[in-house]
Structure formats: C-alpha cells, structure tokens
Amino acid sequence: MLTVDRAKYCHESDPYLDRPRRIGYNVTISAPHMHAYALSILSNQLSDGAKALDVGSGSGYLSACMAYMVGSHGRVIGIEHIPELIEISTRNVREDNPHFLKESRIKFIVGDGRLGHAADGPYNAIHVGAAADTLPQELIDQLAPGGRLICPVVAIEGFQRFQDLLQVDKNADGTITKKKLMQVSYVPLTDPTTQLRN
Ligand SMILES: C[S@@+](CC[C@H](N)C(=O)[O-])C[C@H]1O[C@@H](n2cnc3c(N)ncnc32)[C@H](O)[C@@H]1O
C-alpha cells in the first residue's frame with residue numbers, strides 16, 4: 001500500500017485519513033485499514049503471476065495494490081457497474097502506475113460484479129468491495145482450486161441487520177470452506193439505479 005499513492009485515487013481532502021472517503025456516485029473508497037485487512041487475508045493468493053478479480057473496483061486503488069502484488073506476470077480485473085468510475089479509475093492508475101495498464105496487468109471493465117467476469121477466470125483471489133444480499137454463486141464458480149474469495153454479506157437476526165465479511169476458500173477437490181471474519185459496514189452490492197437514487 002505504500003507503493004500505491006492513495007492521494008491519486010481519492011480526490012477529497014485528507015486522502016490519507018483512515019476513514020472511507022467519498023469518490024462520487026454515492027460510494028466511497030474504503031478506509032485504508034479495510035484495504036490492508038483485505039490484502040493481508042488474500043496475500044497468499046495474490047502471489048507472483050496470480051489472477052485476481054476486484055468486484056466494485058471504484059477508485060481503482062485496491063486493484064492497483066493487487067496488481068503490485070501479483071507482479072508483471074499476474075493480472076487483475078476490476079469490475080465496476082458505474083461507467084464514469086471506470087473512466088476515473090483508469091485515469092487514476094494512468095497517473096499513478098501507467099505501466100500497469102500498458103502491460104495489461106490491470107483491466108477495468110463495466111459490468112455487474114455479482115456475475116463476476118468468467119471470460120478471464122478462474123481467479124486465485126476475488127475481492128468484493130460492496131455488501132451482497134447473498135453470497136453470489138457465480139463468484140464462487142469463478143474461483144480457481146486453492147483460490148480465496150472475501151465478500152461482505154448482509155445478515156439479519158431478529159430486527160438487527162448487519163454485514164459479515166465472509167471468507168470462502170475453494171479446496172483442491174473443488175469443495176468450499178466458509179468462515180466469518182468479522183462484522184463490517186460496506187455500501188451495497190446493487191444495481192446502478194438503486195445506487196444513484198439513494
Ligand atoms: C466501497 S466501494 C469500493 C471501493 C474500492 N475498493 C476502492 O478502492 O475505491 C464499492 C464499489 O462497488 C460498486 N458496486 C456496487 N454494486 C456493484 C455491482 N453490482 N457491480 C459492480 N460494482 C458495484 C460501487 O459503484 C462502488 O464503486
């Protein structure tokens with residue numbers, strides 16, 4: 001994270017504050033401690049040459065950190081449903097680490113991240129940066145054996161509604177192991193109309 005300058009991705013004041021900051025379109029760049037946590041949980045899967053999917057790539061910051069970790073033979077797909085954020089994230093990476101784009105180490109695509117992006121899979125690491133109502137099966141299907149997905153998922157207990165950050169590991173035989181990591185607070189994984197209406 002020290003090699004990817006957050007100020008190039010977060011154009012509000014105080015880009016280095018350990019808080020979410022607005023990036024427009026009713027969403028935020030997540031707080032640095034959440035990015036650090038996600039990268040550390042995925043660090044074994046973000047090894048040299050690995051393939052990663054960043055769902056809800058927003059500012060492009062986390063995708064750039066992942067691209068640094070997977071090295072020049074790796075590949076990161078950032079998928080985002082707001083086309084303007086894809087333009088902004090591409091510009092941010094071009095200003096910060098232009099070789100990530102020239103080498104095709106990062107590719108940003110417009111799409112519904114709930115469906116993933118099977119064309120470039122399977123992925124060793126999948127990060128979901130917005131809270132899903134239910135764990136998207138398409139994303140689990142796009143994990144490689146040995147791969148790991150982390151995704152915030154809405155949980156309801158009585159009148160309480162909260163989010164659990166779930167870790168999903170695909171074992172060598174294709175079976176799945178799930179683990180709750182902690183409670184979190186993310187923007188929803190939704191459709192553009194709902195996101196822009198709020
Ligand atoms: C908390 S922000 C993630 C920030 C990002 N990790 C960063 O570093 O800037 C969540 C992102 O998910 C996007 N998003 C929400 N629902 C989506 C969907 N169905 N498909 C793709 N992107 C989605 C939002 O537009 C937003 O950019």
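None of the figures in this text is laboratory data; all of them are computed from the coordinates on show. Predicted model, so just to flag it, every value in this text is computed and none were measured. Note that we place each Cβ from the backbone using ideal geometry, even for glycine, and neighbour counts take in every protein chain shown.
Once C-alpha pairs closer than 8 Å and six or more residues apart are averaged by separation and normalised to the residue number of the stretch 32-197, the relative contact order reads 19 percent. Computed from phi, the 3J(HN,Hα) profile of the stretch 37-43 under the Karplus parametrisation 6.51, -1.76, 1.60 (θ = phi - 60°) reads 5, 4, 5, 6, 5, 9, 4 Hz, with x in place of Gly and Pro. Converting phi to 3J(HN,Hα) with the Karplus coefficients 6.51, -1.76 and 1.60 and the offset θ = phi - 60°, the stretch 4-9 yields 10, 7, 4, 5, 7, 10 Hz in sequence order, with x at every glycine or proline.
Each Lys and Arg contributes +1 and each Asp and Glu -1, all at the Cβ; summed about the Cα centre of the stretch 1-102, the dipole is approximately 120 debye.
With a threshold of 25 Å on the Cα-Cα distance, the over-threshold entries among K107/K179; K51/K102; K102/K179 are K107/K179; K102/K179.
Counting neighbouring Cβ atoms within 10 Å and putting the fewest first, the residues H35, H127 line up as H35, H127. The distance linking the stretch 1-73 with the stretch 129-166 is 19 Å (Cα centroid to Cα centroid, whole angstrom). Residues whose amide H falls under 5 Å from that of I126, counting only those 5 or more places apart or on a different chain, are L53, R148, L149, I150, with hydrogens built in the peptide plane. The charge dipole of the chain, taken about the Cα centre with unit charges on the Cβ atoms of Lys, Arg (+1) and Asp, Glu (-1), comes to about 180 debye, rounded to the nearest 20. Taken one residue at a time, the phi angles of the stretch 21-27 give Karplus couplings (6.51, -1.76, 1.60, θ = phi - 60°) of 10, 5, 10, x, 6, 6, 9 Hz. Gly and Pro are set to x. Based on the Kirkwood radius over alpha-carbon pairs, what value in µm²/s does the Stokes-Einstein equation return for the translational diffusion coefficient of the stretch 32-197 at 20 °C and 1.002 mPa s? The diffusion coefficient I find is 135 µm²/s.
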